[in-house]
């Protein structure tokens with residue numbers, strides 16, 4: 001595998017971004033008809049489609065809790081999402097892990113005690129894979145949950161950051177993520193308090209440099225929060241227009 | 001599958017009230033590890049770790065295989081960890097892996113494989129044809145809380161303890177020497193990553209190295225993986241109580257101190 005230059009001396013990355021620029025974000029709520037809430041989220045070339053069903057009766061009675069809702073997340077990577085078609089088995093540990101992370105993150109953000117004895121299902125589909133799987137899933141799920149009208153404490157906004165050639169870089173794309181030497185940090189925050197709901201990092205990074213990378217990722221999250229907010233407003237305005245006719 | 005017996009309300013409230021006063025149920029300080037006992041051998045690569053009541057066994061083995069087509073000069077590191085019903089009644093091997101099993105096994109995989117602790121290029125015998133495949137098998141024998149830390153110590157100690165057969169490459173021929181002919185050689189390990197897990201119980205209450213009762217009562221956990229070069233190899237905090245970046249930094253500082261202790265114990269154990 002040839003070593004690609006991920007950060008040129010002029011400060012440009014492989015896709016022409018600077019170190020602290022996010023990829024282009026395109027998001028829309030209410031894209032599916034049957035689901036209670038849905039969202040389509042694009043960040044650069046990574047595309048995710050989310051459907052939220054709930055709160056509804058728990059399918060498995062024994063798991064329902066008397067005082068709060070249970071959150072169930074299923075994550076699926078489409079075989080056509082990567083340049084080589086690859087079908088992953090349902091029990092693939094990586095898929096289960098991402099689903100588990102999303103579930104735990106939202107268990108902390110959704111006001112579960114408002115919906116006792118019910119279940120909230122979040123179904124995620126990754127349509128195109130170009131880095132930042134976990135961050136796009138969390139952002140898309142936030143939008144879908146807001147669309148479904150489920151009570152949450154706050155938005156959950158996620159962003160990745162890395163460290164290339166002594167520079168913290170924001171929002172890693174596929175090439176940067178798969179490179180061996182780049183540490184990959186994913187952070188999800190609750191923007192109003194600035195507290196971290198999810199923190200996950202792979203690959204080595206010196207502890208002194210961690211703070212810089214973390215700060216940059218939190219900045220990115222705040223920017224994404226604004227984008228998600230805009231999308232929610234757009235969907236609400238759209239709905240208001242249709243109702244007023 | 002047998003349902004796990006949850007701790008009673010009295011046990012939980014006793015634990016939480018004691019923590020508010022800064023006391024842990026088993027008398028440890030909040031940042032104290034339980035006694036760590038590492039026993040290596042008799043076979044090279046077989047390590048059993050006892051962390052309080054938790055017992056984990058790690059076994060490393062190797063064989064010669066073909067490399068992956070897209071990585072012809074690198075050896076392969078395969079990792080396998082399963083939570084069986086032997087260590088705790090709640091675990092079940094049949095059916096889909098439970099959320100906890102996925103979390104533990106993926107965490108360990110990330111620590112060993114993705115932090116590139118083992119030098120895979122040194123495992124190459126003949127580029128494109130023969131490489132060593134190193135297999136790490138982790139068996140959880142007893143669940144006394146904090147499986148991840150115990151397993152990470154066991155895995156890295158086993159890797160450092162393991163000896164593979166010596167190989168001589170002569171042009172296109174590779175001769176693998178029997179262990180009785182030539183002394184086996186150790187694996188080339190870049191660094192020693194060790195996990196340190198914190199348990200959180202509510203506002204500002206956190207402990208290090210949770211026992212089983214603490215783990216069942218905790219609201220969330222945070223695992224920091226560090227090596228002796230003060231590099232963070234992995235971080236894992238999913239859900240639970242949101243933490244401020246300042247708290248995260250503090251946890252990392254505490255973990256940095258603990259990792260040195262753990263590394264020392266591993267060194268001692270391997271020398272024997």
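FYI, it's all coordinate maths here, none of it is from the lab. Note that the structure is a prediction, hence the values are computed from the model and not measured. Here the Cβ is made from the backbone with ideal geometry for all residues, glycine too, and neighbour counts use every protein chain on show.
In table form, for the structure just shown:
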{"quantity": "Exercise: per-residue mean of other protein chain Cβ atoms within 10 Å, B:238-251", "calculated": "6"}
{"quantity": "Calculated FRET efficiency for the pair residue A:114/residue B:16, C-beta based, R₀ 22 Å, to 0.05", "calculated": "0.35"}
{"quantity": "Between helix B:9-20 and chain B: long-axis angle, C-alpha atoms, 0 to 90°, nearest 10", "calculated": "90"}
{"quantity": "Zero-based 10 Å bins, Cα pair distances in the protein assembly as shown, whole percents", "calculated": "4, 17, 28, 27, 16, 6, 2, 0, 0"}
{"quantity": "Solution diffusion estimate, µm²/s, Stokes-Einstein, region B:210-272, Kirkwood Rh from C-alpha pairs, 20 °C, viscosity 1.002 mPa s", "calculated": "160"}
{"quantity": "FRET E, pair residue B:85, residue A:127, Förster distance 35 Å, beta-carbon r, rounded to 0.05", "calculated": "0.35"}
{"quantity": "Distance-filtered residues of region B:134-164 - backbone nitrogen under 17 Å, label point 7 angstrom along residue B:228 Cα→Cβ", "calculated": "B:153-162"}
{"quantity": "Helix A:207-244 vs. chain A, principal-axis angle (Cα, 0 to 90°, nearest 10)", "calculated": "40"}
{"quantity": "Value at 222 nm in deg cm²/dmol, rounded to 500, when DSSP H runs of n ≥ 4 in the protein assembly as shown each add -39,500 (n - 2.57)", "calculated": "-9500 deg cm²/dmol"}
{"quantity": "Calculated FRET value between residue A:12 and residue B:271, using beta carbons and R₀ = 51 Å, to 0.05", "calculated": "0.55"}
{"quantity": "Inter-site label distance for residue B:23 and residue B:92 at 7 Å from Cα along Cβ, in nm", "calculated": "4.0"}
{"quantity": "Overall Cα dimensions of region B:165-272, principal axis frame, Å, largest first", "calculated": "63, 28, 23"}
{"quantity": "Gain upon complete extension [residue B:4, residue B:250; 0.36 nm per residue less C-alpha separation]", "calculated": "85.2 nm"}
{"quantity": "Helix axis angle, A:93-109 relative to chain A longest principal axis, alpha carbon, degrees", "calculated": "60"}
